[in-house]
Structures are given as C-alpha cells and as structure tokens.
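Undergrad: Below: one structure in structure tokens.
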Amino acid sequence: MSIIESIIIAIVEGLTEFLPVSSTGHMIIAEKLMGMESTNFTKLYTVAIQLGAIMAVVVLYWKKFINFKSWQFYIKLVVAVIPALALGFLFSDKIDALLESPTTVAITLLLGGILFLFIDNFFKQPVIEKEEDISMIKAFIIGCWQCIAMIPGVSRSAATIIGGMQQKLTRSVAAEFSFFLAVPTMCAATGYKLLKEYKNIHTEEIKILAIGNLVAFVVAILAIKFFIGFLQKHGFKLFGYYRIVVGIALLVLIYTGYIKG
C-alpha cells in the first residue's frame, strides 16, 4: 500500500464512518477500484484507521466523554458494546472472510438502500430527546442492532441509528448515541486487530497507519457536523437512493469483470 492509496482510503473512511452508507463497504470498493491487493496489512489498515475517525467524536463531544460525574453514560456504553464484542470475538475469521467480498457489499448496500426509502415512516413518534433518558435495556438493544453491521455494506451507524429510533429515540439523539457507541466498539476492534498483527507490522507501515488516522480524523470531524444537521432536516431517503445507485453500479462492475466478486 502506497501513501497515496492510504490517504484515499482514509478520506473514504472519514467521509463514510458516520454516514449510513457503510464505511467498510466503501473502503472495499475503493481498494478494488485502485487494484490494491488484499493483504494482512490492508485488512488491518481498514480497521485501524477507524480509530482516527472515532477520535473525532471524542474531540467534538469532549464534554460528554470527560464528564466523570455522569457515570451512567459510561455504563450504558459498556452495556451496549457487549453484543458486538462477543460476536466479534467468536466469529472474527468469518467476518474477515466477508471483508473480501464485493458482492456481499453490493447486495447489502442495495437492500439497505431500499429499506431507507421507507424507514422514516416506521418511527414517527419518538419520546426520548436526550441521552440521559436512554435506559440500560434500551442501550443493550441498540448494541444488538449494531451486530448486524458486521456484514460489510450494512453500515454500523445505520444499524445503531435505526436501532435507536426503534427504541423511541429522536433521529438526532439516535445519531449521537451511535457516535458515542462507536468509540468503545472501534477502540476494541482496532486494539484486537493490532494485538493479532503487531509483530508483522513494519516501520513504513506504522508511518502509513499514522498518516491514515490523521486524515480520517480531520475528514470525520467535517462529516459529523454535516450529518447531524442533514439527518434532522431530510431523514434517510437521500441516503437510500445513494446506496441503491452505488449497489447497482458495483454489481455492474462485478458482472462485467472490472471488479472480481
């Protein structure tokens, strides 16, 4: 992986991590379009640079994360992250295998896009307008929704936001809780991946990881600010159309042999 390739992938990650379009799916598409070889390091990179994007949440919401008086907030995140940690540990190899399948990404993007065209009509009467009113049970259920995102193309943010709306959260509160939940989830995923691969990481690859995380961090800050405002005003429908177009385009590229499925 060259530095230019790593920067492009990091920009894609920063732009899409918090949008309901699947950051993992878009990184897989970008890698295939650039003709990048799937190696242990590229698999590590697509996970590890998510840490840079996640740090954008900590910076933007630093008052929330450094308010140690609100211990319930931290407990909710721990409760919500348990399902993903358990499934991720049990099915790590199977998840890695799915990451090599553009066909899986295309299908899930397409199906998710069709769902997004109607999702705003499903949850019309939210009652929870602030994070403090999210119960431990609701946090755990949202964490269970997050597990769906282990399938590439589903989108972690989409799964958790929809899970939050299903639990009567407003769109903006569901989005913010999705951002908060991303922090322990992605830290755990990155830490686990680095522990498995750190002996095989070379000096040049450390440099690439550092640059990638920095780029993803800066781009993610801009994406988060855009997304909250857009979601409140317009909902999911436009993202649905986008996912459908990208899913169909990817299926065409696979069918014509431009991308190996």
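Undergrad: Which one of these is within 20 Å of Ala175 (Cβ to Cβ) and either free of Cβ contacts under 8 Å to residues at least 60 places away in the same chain or touching a helix residue (DSSP H, G or I) at 6+ places or on another chain (Cβ under 9 Å) (or both): Gly212, Gly235, Gly247, Gly257? Break it down into steps so the answer makes sense when it comes.
TA: On the way: Gly212 fails: within 20 Å of Ala175 (Cβ to Cβ); Gly247 fails: within 20 Å of Ala175 (Cβ to Cβ); Gly257 fails: within 20 Å of Ala175 (Cβ to Cβ).
Selected residue: Gly235, the only one of Gly212, Gly235, Gly247, Gly257 that is within 20 Å of Ala175 (Cβ to Cβ) and either free of Cβ contacts under 8 Å to residues at least 60 places away in the same chain or touching a helix residue (DSSP H, G or I) at 6+ places or on another chain (Cβ under 9 Å) (or both).
Undergrad: Any residue at all in the range 11-25 that's on the phi > 0 side of the Ramachandran plot, out of contact with any strand residue (DSSP E or B) (no Cβ under 9 Å at 6 or more places or on another chain), of a type in the set (Ser, Thr, Tyr) and touching a residue at least 60 places away in the same chain (Cβ under 8 Å)?
TA: Taking the range 11-25 and keeping what is on the phi > 0 side of the Ramachandran plot, we get 22.
Subsequent filtering for residues that are out of contact with any strand residue (DSSP E or B) (no Cβ under 9 Å at 6 or more places or on another chain) retains 22.
Applying the additional criterion that residues be of a type in the set (Ser, Thr, Tyr) yields 22.
Those still in the list that are touching a residue at least 60 places away in the same chain (Cβ under 8 Å) too: 22.
Within the range 11-25, one or more residues are on the phi > 0 side of the Ramachandran plot, out of contact with any strand residue (DSSP E or B) (no Cβ under 9 Å at 6 or more places or on another chain), of a type in the set (Ser, Thr, Tyr) and touching a residue at least 60 places away in the same chain (Cβ under 8 Å).
Undergrad: Return yes or no: is Ile162 in a helix (DSSP H, G or I), touching a residue at least 12 places away in the same chain (Cβ under 8 Å) and in contact with a Gly (Cβ under 8 Å, 6 or more places away or on another chain)? Spell out how you get there, then give the answer.
TA: Values: in a helix (DSSP H, G or I): yes; touching a residue at least 12 places away in the same chain (Cβ under 8 Å): yes; in contact with a Gly (Cβ under 8 Å, 6 or more places away or on another chain): no.
Considered against the rule, which asks whether it is in a helix (DSSP H, G or I), touching a residue at least 12 places away in the same chain (Cβ under 8 Å) and in contact with a Gly (Cβ under 8 Å, 6 or more places away or on another chain), Ile162 comes out as no.
Undergrad: What residue, among those in the range 154-181 that are among the hydroxyl-bearing types (Ser, Thr, Tyr) and either more than 20 Å from Phe226 (Cβ to Cβ) or within 10 Å of the chain's Cα centre (by Cα) (or both), is surrounded by the fewest Cβ atoms within 10 Å (Cβ to Cβ)?
TA: Selected residue: Ser157.
Undergrad: Only residues in the range 28-54 that are outside any loop (DSSP other than H, G, I, E, B) count as the first member; pair them with residues that are among the basic types (Lys, Arg), Cβ under 6 angstrom, at least 6 apart or cross-chain, and list the lot.
TA: Qualifying pairs under 6 Å: Leu44/Lys193; Val47/Lys193.
Undergrad: Using beta carbons and a limit of 7 Å, which pairs, at least six apart or on different chains, have the first residue in the range 118-135 and farther than 16 Å from Gly163 by Cβ and the second one among the small types (Gly, Ala, Ser) and not in a loop (DSSP other than H, G, I, E, B)?
TA: Short answer, once both residue conditions are applied: none.
Undergrad: Hey, another quick one. Here is a check on your reading of the model: is Gln146 out of contact with any helix residue (DSSP H, G or I) (no Cβ under 8 Å at 6 or more places or on another chain) and either under 23 Å from Lys237 (Cα atoms) or not hydrophobic (A, V, I, L, M, F, W, C) (or both)?
TA: Working: out of contact with any helix residue (DSSP H, G or I) (no Cβ under 8 Å at 6 or more places or on another chain): no; either under 23 Å from Lys237 (Cα atoms) or not hydrophobic (A, V, I, L, M, F, W, C) (or both): yes.
So Gln146 does not fit the description; no.
Undergrad: Okay, next question. In the list Glu197, Glu204, which residue meets the criterion of being among the charged types (D, E, K, R) and under 23 Å from the mean Cα position of the chain (by Cα)?
TA: Numbers: Glu204 fails: under 23 Å from the mean Cα position of the chain (by Cα).
The match here is Glu197.
Undergrad: Scanning for something at pLDDT 80 or above and more than 17 Å from Met186 (Cβ to Cβ), does the range 92-103 turn up at least one residue? Full working, then the answer.
TA: Just the residues of the range 92-103 that are at pLDDT 80 or above, to begin with: 102-103.
So of that shortlist, the ones also more than 17 Å from Met186 (Cβ to Cβ) come out as 102-103.
Yes, the range 92-103 has at least one match.
Undergrad: Pick from Ile208, Ile248, Ile259: which is surrounded by 16 or more Cβ atoms within 10 Å (Cβ to Cβ) and either in a helix (DSSP H, G or I) or on the phi > 0 side of the Ramachandran plot (or both)?
TA: Result: Ile208 is the single residue among Ile208, Ile248, Ile259 that is surrounded by 16 or more Cβ atoms within 10 Å (Cβ to Cβ) and either in a helix (DSSP H, G or I) or on the phi > 0 side of the Ramachandran plot (or both).
Undergrad: Among the residues in the range 184-196, are any of a type in the set (Phe, Trp, Tyr), at pLDDT below 90, crowded, with 24+ Cβ neighbours inside 10 Å and under 15 Å from Gln50 (Cβ atoms)?
TA: Just the residues of the range 184-196 that are of a type in the set (Phe, Trp, Tyr), to begin with: 192.
Cutting the leftovers down to at pLDDT below 90 gives us 192.
Subset that is crowded, with 24+ Cβ neighbours inside 10 Å: none.
No: the range 184-196 contains no residue that is of a type in the set (Phe, Trp, Tyr), at pLDDT below 90, crowded, with 24+ Cβ neighbours inside 10 Å and under 15 Å from Gln50 (Cβ atoms).
Undergrad: Working carefully through the options Asp133, Asp120, find the one that is modelled with pLDDT of 90 or more, more than 25 Å from Val12 (Cα to Cα) and either surrounded by fewer than 20 Cβ atoms within 10 Å (Cβ to Cβ) or in contact with a strand residue (DSSP E or B) (Cβ under 9 Å, 6 or more places away or on another chain) (or both). Please lay out each step first, then the result.
TA: Details: Asp120 fails: modelled with pLDDT of 90 or more.
The match here is Asp133.
Undergrad: Does the range 22-47 hold any residues that are buried (at least 24 other Cβ atoms within 10 Å of the Cβ), of a type in the set (Gly, Ala, Ser) and either modelled with pLDDT of 85 or more or within 15 Å of Ile224 (Cβ to Cβ) (or both), and which are they?
TA: Listed by number, the list holds a single entry, Ser23.
The values are calculated or read from the model by the stated rules, or taken from the named source; none is laboratory data. Small disclaimer: the values here were computed from a predicted structure and weren't measured. A quick note on method: Cβ atoms are made from the backbone with ideal geometry, for glycine too, and the neighbour counts reach across all protein chains shown.
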